[in-house]
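Student: This is the structure I want to talk about, given as structure tokens.
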Amino acid sequence: MPQSLLATDGYKFSMAEAGWPLRKETFYYSHRKGGPQVMPLDLEAWVRALLPEPRAEDYAFLARHDYEMGVGFKAAILRKERLSVRAVPRGALFLPREPILTITGPSALVSWLEPLLLQLNYRVQVATQALQDREALARTLATVSCEEEKRIALETLDQMGVKAVSIRVDSEGYLQRVRAQVKELVDIVEDPSRIFEVGLRAATCLEQHALALRACQEAGVQRTSNVEGARELGMIPVGTMGHEHVQRYGSDDAAYRAMHERRPQRSSYLLDTFDTLTSGIPAAFKLISEEPQGGDSIRFDSGNKKLQYLYAVTRARDLGIKPVIILEDGLDAQMTREFEELRKQVGWEPTTQFYGYGGHIVARTMSHALTRDRVAAIYKLSCSGATPVMKFGNELAEGKQSVPGTPVLFRRRTGSGPLGLVGQAGEATPQGYFPLMESAASAPSLVGAEGLTPEEQRIGYTATTQALVESLTRRHFPQGR
């Protein structure tokens with residue numbers, strides 16, 4: 001069955017309209033943590049099977065909800081033949097922070113894939129644990145949330161050549177846990193309209209996320225980033241800006257203005273792509289000050305959000321503006337209580353402070369621990385047109401700096417040095433290494449992972465990649481970080 005065009009996050013549509021939907025771009029997929037893992041499937045075939053088949057009614061739904069799409073997007077989404085996929089082969093062992101998949105093609109199409117691609121982490125975790133300890137996996141997967149989650153697990157075990165385990169589906173139990181989680185949040189903020197759901201990327205599959213949305217709706221929450229889920233349940237699709245949009249433009253100011261000036265709807269300015277305090281907040285407030293009644297918002301996403309919040313509130317009052325404040329990224333009930341208390345202390349109106357929840361609603365309520373957060377799966381823009389780009393983030397210690405360019409992965413065959421080297425497409429293979437993404441498929445195995453120390457699991461950069469990182473860092477932080 002063809003994939004719905006709406007089976008993605010709302011901000012993918014707004015970013016396409018405020019960007020260059022036909023521009024050639026590259027994104028890459030990686031796990032930031034989780035130890036050695038194994039790839040259970042043919043990634044290129046799997047990616048191509050995810051591509052959407054747009055219908056007139058999809059575009060009509062988008063238009064009714066302030067996401068009317070232009071001719072550029074509509075052309076880009078059909079140009080599937082222009083998609084180029086580089087991936088580690090089936091059966092390959094890979095390590096944290098290694099780029100194991102790069103996709104190049106029309107911006108709107110390559111970007112659209114993100115939420116569904118991130119669900120790959122569940123298959124990888126099932127495959128890896130199946131090789132490590134089948135009995136432990138049987139305990140882990142004793143109960144799952146839906147039939148699709150069960151099907152994916154059994155399909156993965158078959159791909160690995162591992163005997164199936166007994167799996168029970170308990171959708172009602174999952175619904176109850178999500179409902180209780182959301183009700184607690186609603187009780188804290190005292191108004192369900194101040195909450196929206198952003199957990200499609202944290203789900204194991206579309207069916208599981210649909211269950212989570214049902215529970216959210218029953219608890220009074222009516223907004224979600226999942227556009228297809230919104231259509232199916234009569235909810236409201238939401239989302240304006242992700243890091244890729246800011247990376248595309250190369251500066252917070254240019255990115256914010258593009259969104260503000262190319263879409264008539266309210267914009268939400270994501271603050272942390274480069275640095276929240278020195279770049280994101282000043283650029284957002286400059287634009288908001290030019291149209292203080294526009295209702296635009298600022299969104300905090302990483303780093304010390306309490307410090308950022310207090311600075312933003314103080315600076316906004318100095319400027320005589322009152323932006324809407326949105327908090328996301330790892331929020332839970334305790335953090336919500338703390339930010340509500342902070343809001344009351346500084347006298348910020350409840351109607352201008354909102355909360356977005358993903359994993360706390362969708363993943364922490366799962367009956368097993370094979371979540372996206374467990375491996376920190378990411379899908380990041382690395383090249384826009386001919387320009388390599390990076391996400392820097394607020395705290396280097398958080399490890400959220402991304403890889404620029406068109407990354408490829410070299411695996412050490414002989415000699416010493418990092419087990420994995422991140423190079424660039426077209427770069428000569430370093431001595432003692434081989435190009436893993438050009439290797440043939442093999443039987444899935446964790447051979448070679450035994451006894452690897454944390455130091456041995458660290459990846460390295462080739463001189464070409466390192467030069468790109470240093471050049472981009474100097475460009476965005478000429479005075480140093």
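Student: Do we have ARG248 as under 19 Å from the mean Cα position of the chain (by Cα), closer than 30 Å to THR26 by Cβ and modelled with pLDDT of 95 or more here?
Tutor: When the stated conditions are applied, ARG248 passes them.
Student: Residues to consider are ALA130, ALA87, ALA76, ALA108; find the one that is surrounded by 15 or more Cβ atoms within 10 Å (Cβ to Cβ), at pLDDT 95 or above and farther than 16 Å from PHE27 by Cα.
Tutor: Residue meeting the stated conditions: ALA130.
Student: May I pose another question? From the list LEU5, LEU22, exactly one residue is open to solvent by 10 Å² or more (accessible area, probe 1.4 Å) and among the hydrophobic types (A, V, I, L, M, F, W, C). Which is it?
Tutor: LEU22
Student: Taking the condition farther than 22 Å from TYR28 by Cα and open to solvent by 10 Å² or more (accessible area, probe 1.4 Å), does GLN208 pass?
Tutor: Spelling it out, it is not the case that GLN208 is farther than 22 Å from TYR28 by Cα and open to solvent by 10 Å² or more (accessible area, probe 1.4 Å).
Student: Follow-up. Sort out which residues of the range 417-437 are closer than 13 Å to THR465 by Cβ, of a type in the set (A, V, I, L, M, F, W, C) and not in a loop (DSSP other than H, G, I, E, B), and write them in order of number.
Tutor: Of everything in the range 417-437, those that are closer than 13 Å to THR465 by Cβ, of a type in the set (A, V, I, L, M, F, W, C) and not in a loop (DSSP other than H, G, I, E, B) turn out to be LEU421, VAL422.
Student: Select from the range 450-470 the residues that are without any contact (Cβ under 8 Å) to a residue 40 or more places away in the chain and part of a helix (DSSP H, G or I) and list them in ascending order.
Tutor: Matches in the range 450-470: ALA463, GLN466, ALA467, GLU470.
Student: For residues in the range 390-407 being at pLDDT 75 or above and open to solvent by 20 Å² or more (accessible area, probe 1.4 Å), which is nearest to ARG299 (Cα to Cα)?
Tutor: Restricting to residues being at pLDDT 75 or above and open to solvent by 20 Å² or more (accessible area, probe 1.4 Å), the top hit is LYS400.
Student: Counting only residues that are more than 19 Å from the chain's Cα centre (by Cα) and not in a loop (DSSP other than H, G, I, E, B), which one in the range 77-115 is nearest to GLU456 (Cα to Cα)?
Tutor: PHE94
Student: Continuing with this model, one more query. If you take the residues in the range 305-330 that are in contact (Cβ under 8 Å) with a residue 12 or more places away in the chain and acidic (Asp, Glu), which one is surrounded by the most Cβ atoms within 10 Å (Cβ to Cβ)?
Tutor: Per the stated criteria, the residue is GLU328.
Student: Kindly provide the set of residues from the range 231-263 that are touching a residue at least 40 places away in the same chain (Cβ under 8 Å), open to solvent by 50 Å² or more (accessible area, probe 1.4 Å) and not in a helix (DSSP H, G or I), ordered by number.
Tutor: ILE236
Student: Further, regarding this structure: Would you tally the residues in the range 442-472 being modelled with pLDDT of 90 or more, open to solvent by less than 80 Å² (accessible area, probe 1.4 Å) and closer than 21 Å to GLY423 by Cα?
Tutor: 11
The values are calculated or read from the model by the stated rules, or taken from the named source; none is laboratory data. Predicted model, so just to flag it, every value in this text is computed and none were measured. Using ideal geometry, Cβ is built from the backbone for each residue, glycine included, and neighbour counts are taken over all protein chains shown. With ligands, DNA and RNA removed, areas are computed over all heavy atoms of the protein, side chains included. Shrake-Rupley method; radii C 1.70, N 1.55, O 1.52, S 1.80 Å.
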